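The values are calculated or read from the model by the stated rules, or taken from the named source; none is laboratory data. Values in this document were obtained by computation on a predicted structure and should not be read as measured data. Because the Cβ atoms are built from the backbone with ideal geometry, glycine has one as well, and the counts that use them run over all protein chains shown.
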Amino acid sequence: MRRAGKRLAVLLHGATATSATGARRLTTDLKAAFVEAIPPEMERLKLLKKEHGAAVLGQVTVEQAVGGMRGIPALLWETSLLDPEEGIRFRGYSIPELQERLPGASPGGEPLPEGMLWLLLTGQVPTAEQAHSVADMLRERSAVPAHVQQVLAALPSGTHPMTQLCTAVLALQSGSKFAAAYDQGVHKSKYWEPVYEDSMDLIAKLPGIAAAIYRNTYKGGKLVEADPKLDWAANLAHQMGYDSEGAQEMMRLYQTVHADHEGGNVSAHATHLVGSALSDPYLSYAAGMAGLAGPLHGLANQETLRWVHGVQQELGGTPTNEQLRDYVWATLKAGKVVPGFGHAVLRKTDPRYTCLRGFAQRHMPDYPLFNLVSLLYEVVPDILTQTGKVKNPWPNVDAHSGVLLQYYGITEERFYTVLFGVSRALGVLSQGIWSRTLGLPIERPKSLTIDAMLQHVGANAAATPRRSGPNRAARAPARHFPAMQAGTVEAVGAQLLSAVRTSGTPTDEQLSSLHFIYGTNLAKALQIVDQGGVACYVGAGSGRRVYLVHGHAAEHYLVHPDHYCSCQAFFFDVVSKDEAVACKHQLAARLAAALGKAREQTVMARLLLRSLAGGDFEDGLVDVLADMGADEPHASIAQAAAGASAMHARLPRSHRGGGGSAKGLIFLLVLAHLVIVAYWALMWVRQRRRQQRSDGRQRSTVSTPKAVGCTYDWTPTVPQKLPTLPKIPNIQLIQLPKAALH
Ligand code: NMX
Ligand code: MLT
């Protein structure tokens, strides 16, 4: 392998020189060192894919999919890795280790970001000679084209510095070597090379661009020439107008620690995503910077300073802990975040914060702003913990970086994120070069709609064994929506309706939950109920109930709330396709019963039976009365029937159905019988299919319980606690918006 690497390196660039005596001499050429690193890396990826391609890295829960994809291991990112407890490691090295090992501008000085670039790209800690050679290489490429300066100068004053940065980078894109090579049909095995060239050009020009943005925005547009003796970060400080040794050392450290934070943060991920479409490094880095400009990400360094200035203005330079606490609570109560605290991955104090704090302790121990920031460290985490929701109450890098800048006179906080962005180029562009070298494909994860997720969890409920026993809570926390299947959904619906019955009026949450289960049918059913469209006939003696429910058009339907409706939607959507758990008429009947809004009437049992058999209600009534004879002695029954008839007559005429002849009645009777027989046959077939599917699943997973040593309970149960469901707009029981009905 090593021979192959050497062969390729020598073939391309003569990377590692071998002296006459055969001793291996380290190259000082970054590109050559990179080329040397390619073959083993490619080999490792090939092996990973071939030997372990099917290995599982983790599972994705609904909560993760709808919750910002936290913790889903789904990106390849070689340059750094973030541990929640320990923080960032760049190519395996922690920040304190790199402060020791990376070469500085002078012995014992702060690390040179050029050394960080070498490390990120090659995986090797560079020698001082190598780091300095990177500085030389960048210096040669550093001139910012005149048109970019003109574009910057043409922007309206007040344009945010991050917008200026994105604009300048996009203006540079016209010089992209990758875009030109792609136009000319470069072979994909060679993509990496123009991407490397673009990346180095861009990194080299960023200090000049950032400084121009700074000088244009805050110093009247008078630009400062680069100093050919200075390294990359020191030149940035110099071109901004800061020449003290302290400011330059601070800038070296600042640019080193912000360089990379694995692949999932917004700026890295955006750069990676856009680059995966083979957009060149200018386009992809500009996308990353657009993400860095968000206040929850890189802009938090600006926000921190604004917030700290707010503290100073309101409480003076040395507030008490008590005053500070009140200020933090006021921020939280105003629905704002405390900038500089918290993190999506980290669960301890950010080691970048600790590193910058160390610098402050060495260089500015008595600086009032540093003391204030230290005080915040004592006060804020406790309060964030008390909120009960913040997962990481500890400070991140943005809580400290601004203090250092302020101390050296860089007081314009709106500019701070640009400095973060310049540094971030080192990481995201190094990985971009590797991504094209390794031939990583276009990134295209799968998305799902809420409906699709619900269907997925419902469909897989039977196949997802539930853990039981003591491990259940620990190993299967309530991270998923409770798994549901059709019967369970029905049961949850029944539970909800019974809760509605108890309270008398549905709460917003209950309506949301009902909407979740019944979808658009809910609004339609509520409208039917509102319009008094549900009549309930109770069999005298038996207490059995049958409902007549108005349809949308000019008919009414015979409904048994749990099992049957004579409408077509019930036949097709509920019985045949199994796409809904109930039709709108069934739901209207259930809701009317729960809300006490069904107009009830006791009727004689035979009348009820006729209605159930499919006869028209009025005809049925006439028939029954005729059967009984005019002198039917059972007056109460006749009375009840008459009452029912009167009630029915109160329904809108269009919904009462026509008179119908005896022939028509027989036809309807036969048809109704056929429908009922077909319905039961379908239910039987469906039940059998379910049983077969469930048997199949049990057979296919039979070895799993043994393998993981768990007991599995296959009985579907009603979840004790209803899922937290997406809110829908308040539904008024009395007046529903028309749009909601379609
Ligand atoms: N102040 C107030 N509330 C917070 C904070 C904070 N510093 N951090 C988290 N929360 C809230 C968060 O808004 C969420 O509330 P809700 O449920 O009402 O939406 C809840 O706590 C849970 O959030 P977490 O899971 O702890 O954090 P998440 O991973 O969603 O977000 C950050 C991470 C970094 C976006 C978040 O901590 C934050 O907004 N911090 C302040 C802004 C900041 O410093 N960003 C810089 C990050 C580092 N960087 O350089 O990019
Ligand atoms: C970063 O440096 O990118 C931030 O800490 C944000 C993150 O890692 O999510």
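Would you confirm whether or not the range 255-265 contains a residue that is in contact with a Cys (Cβ under 7 Å, 6 or more places away or on another chain) and buried (at least 24 other Cβ atoms within 10 Å of the Cβ)? Scanning the range 255-265, I find at least one residue that is in contact with a Cys (Cβ under 7 Å, 6 or more places away or on another chain) and buried (at least 24 other Cβ atoms within 10 Å of the Cβ), so the answer is yes.
In the set (1) without any contact (Cβ under 8 Å) to a residue 40 or more places away in the chain; (2) outside any helix (DSSP H, G or I); (3) surrounded by 15 or more Cβ atoms within 10 Å (Cβ to Cβ), Val35 fails one condition alone, (2). All but one of (1) touching a Phe, Trp or Tyr at 6+ places or on another chain (Cβ under 6 Å); (2) away from ligand 1 (no atom under 13 Å from the Cβ); (3) over 28 Å from Ser133 (Cβ atoms) hold for Pro339; which doesn't? Condition not satisfied by Pro339: (2).
For the range 325-359, a residue qualifies if it is acidic (Asp, Glu) and within 12 Å of ligand 2 (Cβ to nearest atom), and exactly one does: Asp350. Checking each residue in the range 59-90 for being touching a helix residue (DSSP H, G or I) at 6+ places or on another chain (Cβ under 8 Å), under 15 Å from Arg352 (Cβ atoms) and either aliphatic (A, V, I, L, M) or in a loop (DSSP other than H, G, I, E, B) (or both) picks out Glu86, Ile88. Cβ-Cβ distances below 7 Å connect the following pairs, each with a first residue in the range 510-534 that is charged (D, E, K, R), a second residue that is surrounded by 22 or more Cβ atoms within 10 Å (Cβ to Cβ) and modelled with pLDDT of 90 or more, and a separation of six or more residues or different chains: Lys524/Lys584. Is the range 400-416 home to any residue that is crowded, with 17+ Cβ neighbours inside 10 Å, within 16 Å of ligand 2 (Cβ to nearest atom), at pLDDT 95 or above and of a type in the set (D, E, K, R)? For the range 400-416, residues crowded, with 17+ Cβ neighbours inside 10 Å, within 16 Å of ligand 2 (Cβ to nearest atom), at pLDDT 95 or above and of a type in the set (D, E, K, R): absent. Applying a threshold of 6 Å to beta carbon distances and a minimum spacing of six or more residues, or different chains, the list of pairs starting in the range 259-286 at a residue that is modelled with pLDDT of 95 or more and within 16 Å of ligand 1 (Cβ to nearest atom) and ending at one that is of a type in the set (A, V, I, L, M, F, W, C) and in a helix (DSSP H, G or I) reads Ala259/Met116; Ala259/Leu426; Ser267/Leu292; Ala268/Val428; Ala270/Ala287; Thr271/Val428.
Would you check if there is a residue in the range 222-235 being within 15 Å of ligand 1 (Cβ to nearest atom) and modelled with pLDDT of 95 or more?
No, the conditions are met nowhere in the range 222-235.
Just one of the listed residues (Val403, Val380, Val422, Val418) is among the hydrophobic types (A, V, I, L, M, F, W, C), assigned by the TED database to the domain that holds Leu305 and either under 23 Å from Glu86 (Cβ atoms) or not in a helix (DSSP H, G or I) (or both), namely Val380. Do the conditions hold for Asp578, that is, is it surrounded by fewer than 24 Cβ atoms within 10 Å (Cβ to Cβ) and part of a helix (DSSP H, G or I)? So Asp578 does not fit the description; no. For beta carbons closer than 8 Å, sequence separation of 6+ or different chains, a first residue in the range 439-457 that is modelled with pLDDT of 95 or more and a second that is of a type in the set (S, T, N, Q), the qualifying pairs are Gly439/Ser189; Leu440/Ser276; Pro441/Ser276; Ile442/Ser276; Glu443/Ser276.
Of the residues screened, Leu375 is not one that is over 26 Å from Leu117 (Cβ atoms), within 11 Å of ligand 1 (Cβ to nearest atom) and either crowded, with 24+ Cβ neighbours inside 10 Å or touching a residue at least 12 places away in the same chain (Cβ under 8 Å) (or both).
The helices (runs of 4 or more DSSP H) located wholly in the range 215-324 that include 3 or more residues which are within 16 Å of ligand 2 (Cβ to nearest atom) and touching a helix residue (DSSP H, G or I) at 6+ places or on another chain (Cβ under 7 Å) occupy 245-257, 266-276, 281-292, 300-315.
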